[in-house]
Protein chains: 2
Amino acid sequence: MDNRTGHRIVPETAAPRGDRLAERHAAARYGNRPTMKDVAARAGVGLKTVSRVVNGEPGVTADTERRVQEAIEALGFRRNDSARVLRKGRTASIGLVLEDLADPFYGPLSRAVEEVARAHGALLINGSSAEDPDREQELVLALCARRVDGLVVIPAGDDHRYLEPELRAGVATVFVDRPAGQIDADVVLSDNFGGARDGVAHLIAHGHRRIGFIGDMPRIHTAAERLRGYRTAMADAGIPVTDSWTSLGVTDPQRVRRAAEEMLSGAEPVTAIFAGNNRVTVTVVRVLAERSRPVALVGFDDFELADLLQPGVTVVAQDAAQLGRTAAERLFSQLDGTLLTPERTELPTRLITRGSGELPPAD
Amino acid sequence: MDNRTGHRIVPETAAPRGDRLAERHAAARYGNRPTMKDVAARAGVGLKTVSRVVNGEPGVTADTERRVQEAIEALGFRRNDSARVLRKGRTASIGLVLEDLADPFYGPLSRAVEEVARAHGALLINGSSAEDPDREQELVLALCARRVDGLVVIPAGDDHRYLEPELRAGVATVFVDRPAGQIDADVVLSDNFGGARDGVAHLIAHGHRRIGFIGDMPRIHTAAERLRGYRTAMADAGIPVTDSWTSLGVTDPQRVRRAAEEMLSGAEPVTAIFAGNNRVTVTVVRVLAERSRPVALVGFDDFELADLLQPGVTVVAQDAAQLGRTAAERLFSQLDGTLLTPERTELPTRLITRGSGELPPAD
DNA sequence: CTCGGAGCTGACAACGTTGTCCAGGCTCTA
DNA sequence: TAGAGCCTGGACAACGTTGTCAGCTCCGAG
């Protein structure tokens, strides 16, 4: 008996019973937020009138409005958006799932998405997948459970069929940086292939023939595309590629370092390195800084201070902010109903020469 | 008559009526998500049984559970968390308001907060204030309207009395990096004063007496504290400070550049500069790189590649991730009820010597 | 003086979920 | 075999808001 009604009478009686305590606490802390009903009572008006004032709807006398405002002020009322969402269907929030906020590449991207969201009156809910497909799915579904109006996803996995019910239900979705797997969805990418190809061609144009490539796992779309760009540039120049010149799936600094050192020594040492992403580039810069023989370097992704190093680091730059902005704008186009069929948008990259990519081969 | 049921039958009839159209649109897109009722109907069970299965509550036969799971699968049902929140009171989400996600200092901080939130099963909703107090307030209140369980705020403004109703209602709140204004709240800071004092003392120990300071507006707490550290170190060493050696409120690269150039020329040029934050430091590095006469430099905040520059940049480092982690943990302590009185936590800074701060004065 | 209309206001249902409580069927024991 | 007790399932209210609709008052025109 006591057990059955325990939950209800808890706020009054002070009988902490095991894990009910936390709950009791919550009730005590959250239960007492004023609602529109409270405001209405205090202002001596109807519930709906409060709603009208809060939402700036017309049809309220100046005097009534003032009374309501005063009650709101006095009680510290804030509209409960959960209830509002439940009623209206729209949440005015969008979800962003990215790989790692601590990566400097994603800061500006995230910021750009937020700016666009803000311009459309939406809040941003975000999370990091840490490059783990399961975690990505967990996050995305959690966001869907919140009924976000739309999703911007930098995918970690390569199978997104779990999103089918959401797409059918009309959740706007845009993938960024990497394409969606197994489903037809909007996607905004950089021209990874073209950028890498041009970067490698740049090295070839400066006389290099033995060029190394250090990149991420080819299961990551961007990494695969950049590798393809490297191979294409080499093939276009008629240069056969030796296996020992390419190192894939290498991410942590230790292994990048070893990979770089290996291709710089041996029988046929490379005279130039193409680095597949900013983290690799930075590590390679460190390795090269320790060596006396100059080695040319072009990196994919720009990074701060690249120009201040000696020599400045030549990079294939992609515009992270523009990626984010484009994706977010497509998202809101979907929500407006403007955009109906999924499209693939590819943004150009830009080669920025700063010195390291223009070093001649030191044979 | 038609009017009454109009909202309901909208998906079928195609009778757009003025601004109903948008609503109709929304209804068409969002209205048709399956609910527990739908699942129950399909599985041939009661509504509450579905709820039980979805929430893993006991008291459901294996067979019934299977039938429900199949229905969920078939319909692509996802629980609507808005309704859940409305019912339960807790949202399992926390808000993070920071200054600018594109600033590399905030990436790791944000990431750390997210990790802690995740460990507690909470989602993170975030937004940038862009250093604008009004925008900060707007964001914070929007988050409160979503009924976030707690708030981590990097304040832009210096008056947070608008949060009083929320605090009273039990919204857990922690301020990071800068203290709250006009209210008594938890706050996690770096030892800005001590760090700056030690950094300047380091320069003095290496023989400098004419030391410049370039920092942000003193209305920003961190900037004021760092300035105080600079002044204290100078005073402790018995060095009178000339006005022209300190430049405040300077943020954009152009003006930092001019400020640096001014203190480096003139009758009493400085032989060393203390830079008040990472953005200033980077700009000063650029200015110094153009000069032949070596000038010592210590910067507040570490940044990537500081060690690779020539010379390496000596910095007073604060641990952004640790700030975020500490703040988030305090937040959840508040939510657990473990933590009851607001406290001020100050994290130590660390001087990292890399060369630029050990240059002797070139008189 | 009455009637119609316009402008305000409030009662009520509904949004999708969860907590409470009750009913019915089962097992187990005396 | 009857009764007690347990297990499973469902009906119902409530969370706080908004859309709908009806009622009220007040004004001016007829």
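The values are calculated or read from the model by the stated rules, or taken from the named source; none is laboratory data. Because the structure is a prediction, the values reported are computed rather than measured. Here the Cβ positions follow ideal geometry from the backbone for every residue, glycine too, while neighbour counts run over all protein chains shown.
Scanning segment A:256-270 for residues that are assigned to a helix (DSSP H, G or I) and either of a type in the set (Gly, Ala, Ser) or surrounded by fewer than 21 Cβ atoms within 10 Å (Cβ to Cβ) (or both) gives A:Arg257, A:Arg258, A:Ala259, A:Ala260, A:Glu261, A:Glu262, A:Leu264.
Tell me which residues, restricted to segment B:180-209, are modelled with pLDDT of 95 or more, of a type in the set (Asp, Glu) and in a loop (DSSP other than H, G, I, E, B). Across segment B:180-209, the qualifying residue is only B:Asp191.
Inside segment A:46-59, residues that are more than 9 Å from DNA strand C (Cβ to nearest atom) and either away from every other protein chain (no Cβ under 14 Å) or more than 43 Å from the chain's Cα centre (by Cα) (or both) make up a count of 1. If you check A:Val152 against the conditions, is it modelled with pLDDT of 95 or more and either of a type in the set (A, V, I, L, M, F, W, C) or crowded, with 23+ Cβ neighbours inside 10 Å (or both)? Yes: the conditions hold for A:Val152. Restrict the check to segment A:167-179 and report whether at least one residue is assigned to a helix (DSSP H, G or I) and within 12 Å of chain B (Cβ to nearest Cβ). Taking every residue of segment A:167-179 in turn, at least one turns out to be assigned to a helix (DSSP H, G or I) and within 12 Å of chain B (Cβ to nearest Cβ). Can you confirm whether segment A:110-128 contains a residue that is among the hydroxyl-bearing types (Ser, Thr, Tyr), buried (at least 23 other Cβ atoms within 10 Å of the Cβ) and in a helix (DSSP H, G or I)? Within segment A:110-128, one or more residues are among the hydroxyl-bearing types (Ser, Thr, Tyr), buried (at least 23 other Cβ atoms within 10 Å of the Cβ) and in a helix (DSSP H, G or I). For segment A:146-166, the set of residues classified as assigned to a helix (DSSP H, G or I) and in contact (Cβ under 8 Å) with a residue 12 or more places away in the chain consists of A:Arg161, A:Tyr162, A:Leu163, A:Glu164, A:Glu166, listed by residue number.
Pairs are defined by a Cβ separation below 6 Å, a sequence spacing of at least 6 or placement on different chains, a first member in segment A:257-275 that is touching a residue at least 24 places away in the same chain (Cβ under 8 Å), and a second member that is among the aromatic types (Phe, Trp, Tyr) and loosely packed, with under 15 Cβ neighbours inside 10 Å; no pair meets this definition.
Every condition in (1) more than 22 Å from A:Ala130 (Cα to Cα); (2) in contact with a helix residue (DSSP H, G or I) (Cβ under 7 Å, 6 or more places away or on another chain); (3) more than 16 Å from DNA strand C (Cβ to nearest atom); (4) in contact (Cβ under 8 Å) with a residue 40 or more places away in the chain holds for B:Phe105 except the one numbered (1).
One residue stands out in segment A:223-250 among those that are of a type in the set (A, V, I, L, M, F, W, C), surrounded by fewer than 17 Cβ atoms within 10 Å (Cβ to Cβ) and free of Cβ contacts under 8 Å to residues at least 12 places away in the same chain: the one that is farthest from A:Ser190 (Cα to Cα), namely A:Val241. With respect to the conditions (1) in contact (Cβ under 8 Å) with a residue 24 or more places away in the chain; (2) within 14 Å of chain B (Cβ to nearest Cβ), A:Ala43 falls short on a single one, namely (2).
The residues in segment B:38-59 that are buried (at least 18 other Cβ atoms within 10 Å of the Cβ), within 17 Å of B:Gly76 (Cα to Cα) and among the hydrophobic types (A, V, I, L, M, F, W, C) can be counted, and the count is 5. Within segment B:212-255, if we keep just the residues that are assigned to a loop (DSSP other than H, G, I, E, B) and hydrophobic (A, V, I, L, M, F, W, C), the residue that is farthest from B:Arg293 (Cα to Cα) turns out to be B:Ile220.
Against the conditions (1) more than 14 Å from chain B (Cβ to nearest Cβ); (2) touching a Pro at 6+ places or on another chain (Cβ under 8 Å), A:Thr283 satisfies every one except (1).
When residues in segment B:282-306 are screened for being modelled with pLDDT under 95 and among the aromatic types (Phe, Trp, Tyr), 1 of them pass.
If you check A:Ala145, A:Ala112, A:Ala102 for being small (Gly, Ala, Ser), modelled with pLDDT of 95 or more and not assigned by TED's automatic domain parsing to the domain that holds A:Asp252, only one passes: A:Ala112. Can you report the number of residues in segment B:289-339 which are touching a residue at least 24 places away in the same chain (Cβ under 8 Å), of a type in the set (A, V, I, L, M, F, W, C) and not in a strand (DSSP E or B)? Counting residues in segment B:289-339 that are touching a residue at least 24 places away in the same chain (Cβ under 8 Å), of a type in the set (A, V, I, L, M, F, W, C) and not in a strand (DSSP E or B) gives 14. For residues that are within 13 Å of DNA strand C (Cβ to nearest atom), surrounded by 13 or more Cβ atoms within 10 Å (Cβ to Cβ) and away from chain B (no Cβ under 14 Å), tally how many sit in segment A:60-81. Residues in segment A:60-81 being within 13 Å of DNA strand C (Cβ to nearest atom), surrounded by 13 or more Cβ atoms within 10 Å (Cβ to Cβ) and away from chain B (no Cβ under 14 Å): 7 in total. Filtering segment B:55-102 to residues that are touching a Phe, Trp or Tyr at 6+ places or on another chain (Cβ under 8 Å) and in a helix (DSSP H, G or I) leaves only B:Ala71. For segment A:112-159, a residue qualifies if it is of a type in the set (Asp, Glu) and facing chain B (nearest Cβ under 10 Å), and the qualifying residues are A:Glu114, A:Glu115, A:Glu138, A:Asp149. Scanning segment B:32-46 turns up at least one residue that is modelled with pLDDT under 90, away from DNA strand D (no atom under 11 Å from the Cβ) and not small (Gly, Ala, Ser). Of A:Gly355, A:Gly337, A:Gly312, A:Gly324, all but one fail to be within 14 Å of chain B (Cβ to nearest Cβ), surrounded by 21 or more Cβ atoms within 10 Å (Cβ to Cβ) and either in contact with a helix residue (DSSP H, G or I) (Cβ under 6 Å, 6 or more places away or on another chain) or over 18 Å from A:Phe213 (Cα atoms) (or both); the exception is A:Gly324. Only one of the numbered conditions (1) more than 16 Å from B:Ile352 (Cβ to Cβ); (2) surrounded by 22 or more Cβ atoms within 10 Å (Cβ to Cβ) is violated by B:Pro253, and that is (2).
Only one residue in A:Gly107, A:Gly195 is within 12 Å of chain B (Cβ to nearest Cβ) and either under 27 Å from A:Pro253 (Cα atoms) or surrounded by fewer than 24 Cβ atoms within 10 Å (Cβ to Cβ) (or both). Which one? Only one candidate passes the filter, namely A:Gly107.
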